[in-house]
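What follows is a set of notes on a single structure, which appears directly below.
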Amino acid sequence: MRRLAGALLVVVLVLAGCGGGGDDPPELTVSAAASLKQAFTQYGREFSAARARFSFAGSDELAAQIEQGVKPDVYAAANTKLPQQLYEKGLVEQPTAFAGNRLVLAVPAGSGIRGLGDLAAKGVTLAVGAADVPVGAYTRTVLDRLPAGQRGAILANVRTEEPDVAGITGKLIQGAVDAGFLYVSDVRATDGALEAIELPDALQPDVAYGVAVVKGARRPEEARAFIAGLLDGEGARALERAGFEPPPAQ
């Protein structure tokens, strides 16, 4: 009997321990553009409605995953085009613009490159985003506004087209290329390893980030709360600290 009583006590304690997790916060899954990593990671630590779990990658790659049936709770892109396309396909709720950014020419600290005029020189190597990712599309907007000869010479010096800003940043820090086009927030996140060279206002594209709740999400209410914080709350403050700006007027 004592052995039976002891075994029953162990079972009761195990069951009690399993039930103790009932107060754990729900998990919120967020698929977000790689350029949002620093700001969203900080915001996630302060977001109290759920435990945020992030997947950072190129905006187009994450959108393709949603089209293939992956269902995060929140999708945040480095443009408004991709969330709108998903909305038109019935895959996300109505998206909203939540942040802006600035494209800059990024170079390793101490570089001799001081502006766009240096990029056409023989021997200079560049990293840019692939044409189908937001940072790549914004870069091509800048280059398309240059005289044809200068644009062609710069494009001839491109050595790699990366799937997201993390790839461009990595190539610059490793010294694999001399310069690249990034968002100013990405340069700030390197803590001085890279320098940002501002682009002329006439060349600057309108960089707007869009976010939406994914239809069929497991945590739609927490997802809406997460987005609300990006618009006016801890998320908005984390974005500002990371170097983001309010979204440009649409």
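Residues ILE227, ILE173: which one is touching a residue at least 60 places away in the same chain (Cβ under 8 Å) and open to solvent by 70 Å² or more (accessible area, probe 1.4 Å)?
Answer to the selection: ILE173.
Could you tell me which residue of the stretch 1-47 is modelled with the lowest pLDDT, considering only residues that are in contact with a helix residue (DSSP H, G or I) (Cβ under 7 Å, 6 or more places away or on another chain) and outside any helix (DSSP H, G or I)?
Result: PRO26.
Looking at the stretch 177-217, which of its residues are within 14 Å of GLU93 (Cβ to Cβ) and part of a loop (DSSP other than H, G, I, E, B)?
Those that are within 14 Å of GLU93 (Cβ to Cβ) and part of a loop (DSSP other than H, G, I, E, B): LYS215, GLY216, ALA217.
Among the residues that make up the stretch 113-124, is at least one of them of a type outside the set (Gly, Ala, Ser), buried (at least 22 other Cβ atoms within 10 Å of the Cβ) and either without any contact (Cβ under 8 Å) to a residue 60 or more places away in the chain or assigned to a loop (DSSP other than H, G, I, E, B) (or both)?
yes
In the stretch 184-225, which residue that is among the hydroxyl-bearing types (Ser, Thr, Tyr) and farther than 18 Å from SER31 by Cβ is nearest to the chain's Cα centre (by Cα)?
In this case the residue turns out to be SER185.
What single numbered condition from (1) under 17 Å from LEU28 (Cβ atoms); (2) modelled with pLDDT under 95 fails to hold for ALA228?
The single condition ALA228 does not satisfy is (2).
Out of ALA249, ALA156, ALA217, report the one residue that is over 22 Å from LEU86 (Cβ atoms) and at pLDDT below 95. So that I can check it myself, show each step before the final result.
Numbers: ALA156 fails: at pLDDT below 95; ALA217 fails: over 22 Å from LEU86 (Cβ atoms).
Of the residues listed, the single one that is over 22 Å from LEU86 (Cβ atoms) and at pLDDT below 95 is ALA249.
ILE173 - would you say it is among the aliphatic types (A, V, I, L, M) and either assigned to a strand (DSSP E or B) or over 23 Å from GLY210 (Cβ atoms) (or both)?
Spelling it out, ILE173 is indeed among the aliphatic types (A, V, I, L, M) and either assigned to a strand (DSSP E or B) or over 23 Å from GLY210 (Cβ atoms) (or both).
Could you give me the residue pairs with C-beta distances under 7 Å whose first residue belongs to the stretch 32-52 and is on the phi < 0 side of the Ramachandran plot, whose second residue is open to solvent by 50 Å² or more (accessible area, probe 1.4 Å) and of a type in the set (D, E, K, R) wherever it lies, and which are 6+ apart or on separate chains?
TYR43/GLU234; GLU46/GLU234; PHE47/GLU234; ALA50/GLU27; ALA50/ARG219; ARG51/GLU27
Out of ASP144, ASP201, ASP132, ASP164, report the one residue that is touching a strand residue (DSSP E or B) at 6+ places or on another chain (Cβ under 8 Å) and at negative phi.
On the way: ASP144 fails: touching a strand residue (DSSP E or B) at 6+ places or on another chain (Cβ under 8 Å); ASP201 fails: touching a strand residue (DSSP E or B) at 6+ places or on another chain (Cβ under 8 Å); ASP132 fails: touching a strand residue (DSSP E or B) at 6+ places or on another chain (Cβ under 8 Å).
One residue alone meets the criteria, ASP164.
Conditions (1) surrounded by fewer than 20 Cβ atoms within 10 Å (Cβ to Cβ); (2) touching a helix residue (DSSP H, G or I) at 6+ places or on another chain (Cβ under 7 Å); (3) not β-branched (Val, Ile, Thr), marked per residue:
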{"residue": "VAL158", "(1), (2), (3)": "yes, no, no"}
{"residue": "ASP186", "(1), (2), (3)": "no, yes, yes"}
{"residue": "GLY192", "(1), (2), (3)": "yes, no, yes"}
{"residue": "GLU198", "(1), (2), (3)": "yes, no, yes"}
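So which residues in the stretch 77-108 are free of Cβ contacts under 8 Å to residues at least 24 places away in the same chain and either in contact with a Ser or Thr (Cβ under 8 Å, 6 or more places away or on another chain) or of a type outside the set (Lys, Arg) (or both)?
Listed by number, the residues that qualify are GLN85, GLU88.
Name the pairs whose Cβ atoms lie under 8 Å apart, with the first residue in the stretch 129-144 and free of Cβ contacts under 8 Å to residues at least 40 places away in the same chain, the second open to solvent by 10 Å² or more (accessible area, probe 1.4 Å) and in a helix (DSSP H, G or I), and 6 or more positions between them or separate chains?
So the pair list comes out as ALA131/ALA137; ALA131/ARG140; LEU143/ARG151; LEU143/LEU155; ASP144/ARG151.
What do you reckon, is ALA77 touching a Gly at 6+ places or on another chain (Cβ under 6 Å), within 21 Å of TYR209 (Cα to Cα), of a type outside the set (Asp, Glu) and surrounded by 18 or more Cβ atoms within 10 Å (Cβ to Cβ)? Let's see the steps before the verdict.
Working: touching a Gly at 6+ places or on another chain (Cβ under 6 Å): yes; within 21 Å of TYR209 (Cα to Cα): yes; of a type outside the set (Asp, Glu): yes; surrounded by 18 or more Cβ atoms within 10 Å (Cβ to Cβ): yes.
Judged against the criteria, ALA77 is a match.
The values are calculated or read from the model by the stated rules, or taken from the named source; none is laboratory data. This one's a predicted model, so the numbers in the text were calculated from it and none came from an experiment. Cβ coordinates were reconstructed from backbone atoms using ideal geometry, including for glycine residues, and neighbour counts include every protein chain displayed. For the accessible areas, the whole protein counts, side chains as well, though only heavy atoms, and no ligand, DNA or RNA atoms are used. Shrake-Rupley method; radii C 1.70, N 1.55, O 1.52, S 1.80 Å.
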